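Trainee: Structure below; questions to follow.
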Amino acid sequence: MLKNLFLDERKVMIAILVNTIVLFLIYFPQFAGNPYLELIDQLFILYFVIEAVVKISIYKPKGYFGSSWNRFDFIIVVLSLPSILVHIIPVPDTSLLILLRLFRLIRLIRFIRFIPNLTQVMSGLGRALQASVFVLLALVIINFLLALFTCHLYARIAPEYFGNPLVSAYSIFQMFTIEGWNEIPNVIASRTDNNWIIGLTRVYFVIIVLVGGIFGMSLANAVFVDEMTIDNNRVLEEKIDVLQKEIQELKEMIKNKST
């Protein structure tokens, strides 16, 4: 019965969820330092340690570490263990050690296993990333070029947005995501009285949004989605091929009977 508490996958997943809720509550100001929540959190660490020990003793080290999920869980548990030290001995950098307990939240990734057709989804994700890499690389290059060009033009007028190439690249990326695309030109327009500069500035930033935001990001998204759904398209194409073959066979049967 006791072993079942640590070997039953459903009970372990429930423990991960409850521990996540406890950690979530601890970071609210009104619950910060709550001794009961801290105690419950420490008990969960103990639970996960015992879970690993029980599984290693039953499956043996070779069998336990032969599973990638078990290796993943073991690493997370080991990384979260130092957070117990703050309650046992005085340590200088408690903030870092307490931060290590958050590694347990990574175990929520285990719920990915319950996604239907996970293998197919992961295969599609891999293809989508490979197909999108060149589009994303092109966007990075465009961002780099526009960042330098815009930094040269507007560094003095709007240093908070284009003061150096890195800040400029971040601002351009914001515009690619359609964030602040009208706010930034308005700031520049408010700092100059030259109507030509104001007009050209607005046109320039509209072009940036069109090239990077609407065309570039939309293209990357289209390529990604297309590769993710290609498996479904292949299944439909196979069914259509089978259906066409059956229709052709049926036509031949009808033709033979009529003759």
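Just so you know, all these numbers are worked out from the coordinates, no wet-lab data involved. What you are looking at is a predicted structure, and each value in this text was computed from that prediction instead of being measured. Virtual Cβ from ideal backbone geometry, glycine too; neighbours counted across all protein chains shown.
Trainee: Among Leu137, Leu81, which comes first, then next, by fewest other beta-carbon atoms within 10 Å?
Mentor: Leu137, Leu81
Trainee: Can you put Asp8, Asp193 in order, fewest other beta carbons within 10 Å first?
Mentor: With the sparsest Cβ surroundings first, the list reads Asp193, Asp8.
Trainee: OK, next. Give me Ser83, Ser68, Ser168 ranked fewest to most by other Cβ atoms within 10 Å of their Cβ, as a rough exposure proxy.
Mentor: Ser68, Ser83, Ser168
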